[in-house]
Amino acid sequence: MRAGTLRFHGRAAELAGLDLEMSKEAEAVLDRFESVHGHVVPASVREWFALAQGAAVLRKFSNDDMVYDAERLGRAEVYYWPEDNGDWPDDVEEQEERPFDPVGSLGLLPFMVENQGVWVMAVRLDGSEDPPVVISFDDVTPSAVWQPQADRFSDLVHARIWDAPVHLHGRQLTLAGGGEPSALLEVLRQDFTPGPPTVDGTQRHSRDGDRQRVLLEQWRGQWHATVWAADEAGLAALTAAVDPTTD
């Protein structure tokens with residue numbers, strides 16, 4: 001199967017530069033997940049994790065984060081009880097490991113863990129074909145707080161692949177002032193195409209078929225722009241377009 005024939009992840013696969021094939025073994029594992037858990041695997045999640053290199057590609061375009069393969073999806077998680085929330089029973093002195101099923105208990109399907117365990121991302125099994133992604137900074141436990149990360153799983157996959165070269169090889173520019181970078185946004189609206197959306201405030205803009213990219217992020221109240229291009233000429237043109245709004 002060529003990347004362009006994918007229903008949900010064609011652009012992400014194209015950006016990754018891979019001609020991805022489906023795995024019959026992974027499809028069988030996903031079928032088994034449905035029979036065991038009584039949940040349909042959302043179409044976009046199935047499409048990605050049924051790819052022979054789906055998990056490996058998502059892992060490659062990350063900061064060495066751990067991405068579950070199809071076999072790992074839906075397995076019980078382990079947490080320590082009582083949880084570190086100050087509400088221990090009086091007769092308990094030490095924590096113990098306990099299994100936890102986030103699929104059955106919360107309708108959540110974890111699929112990726114940050115390389116040092118800082119966060120966990122999961123798909124919310126809400127019955128939609130391309131479901132939302134949520135993130136927890138409390139591991140996978142009964143009391144974890146889950147926050148929105150992306151409205152659609154396909155957006156999250158696309159954004160991770162889109163962001164990777166910008167984070168690894170981009171040129172960072174600190175924008176003047178601490179408010180909304182209105183001058184830069186005006187330039188981007190006129191000449192650029194919005195990139196894959198996430199709900200964490202990050203903005204992505206590109207041109208020349210994604211060969212020139214601008215990533216806008218806010219850290220501690222200060223906006224930053226990181227620019228990346230596939231070649232030096234593109235980087236020079238892109239920097240010239242962004243520089244007038246910088247210090």
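The values are calculated or read from the model by the stated rules, or taken from the named source; none is laboratory data. Small disclaimer: the values here were computed from a predicted structure and weren't measured. Cβ coordinates were reconstructed from backbone atoms using ideal geometry, including for glycine residues, and neighbour counts include every protein chain displayed. With ligands, DNA and RNA removed, areas are computed over all heavy atoms of the protein, side chains included. Shrake-Rupley method; radii C 1.70, N 1.55, O 1.52, S 1.80 Å.
Here are the numbers for this structure:
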| read-out | value |
| --- | --- |
| Residue match in the range 137-155 (condition: closer than 21 Å to PRO196 by Cα, modelled with pLDDT of 95 or more, open to solvent by less than 60 Å² (accessible area, probe 1.4 Å) and among the charged types (D, E, K, R)) | yes |
| Residue selected from the range 82-116 under the condition closer than 24 Å to VAL36 by Cβ and more than 26 Å from the chain's Cα centre (by Cα), by the criterion modelled with the highest pLDDT | ARG98 |
| Tally, over the range 15-34, of residues that are open to solvent by less than 90 Å² (accessible area, probe 1.4 Å) and either in contact (Cβ under 8 Å) with a residue 40 or more places away in the chain or part of a helix (DSSP H, G or I) (or both) | 11 |
| Pairs, first within 30 Å of PHE153 (Cβ to Cβ) in the range 84-109, second at pLDDT below 75 and open to solvent by less than 100 Å² (accessible area, probe 1.4 Å), C-beta under 8 Å, six or more apart | GLU97/TRP81; ARG98/TRP81 |
| Residues within the range 63-81 that are open to solvent by 90 Å² or more (accessible area, probe 1.4 Å) and at pLDDT below 85, tallied | 1 |
| Residue ID - surrounded by the fewest Cβ atoms within 10 Å (Cβ to Cβ), chosen from residues in the range 208-238 that are at pLDDT below 85 and outside any strand (DSSP E or B) | ARG220 |
| Residue check for HIS205: in a strand (DSSP E or B) and either at pLDDT 85 or above or under 26 Å from VAL67 (Cβ atoms) (or both) | yes |
| Residues of the range 112-122 that turn out to be touching a residue at least 12 places away in the same chain (Cβ under 8 Å) and assigned to a loop (DSSP other than H, G, I, E, B), as a count | 5 |
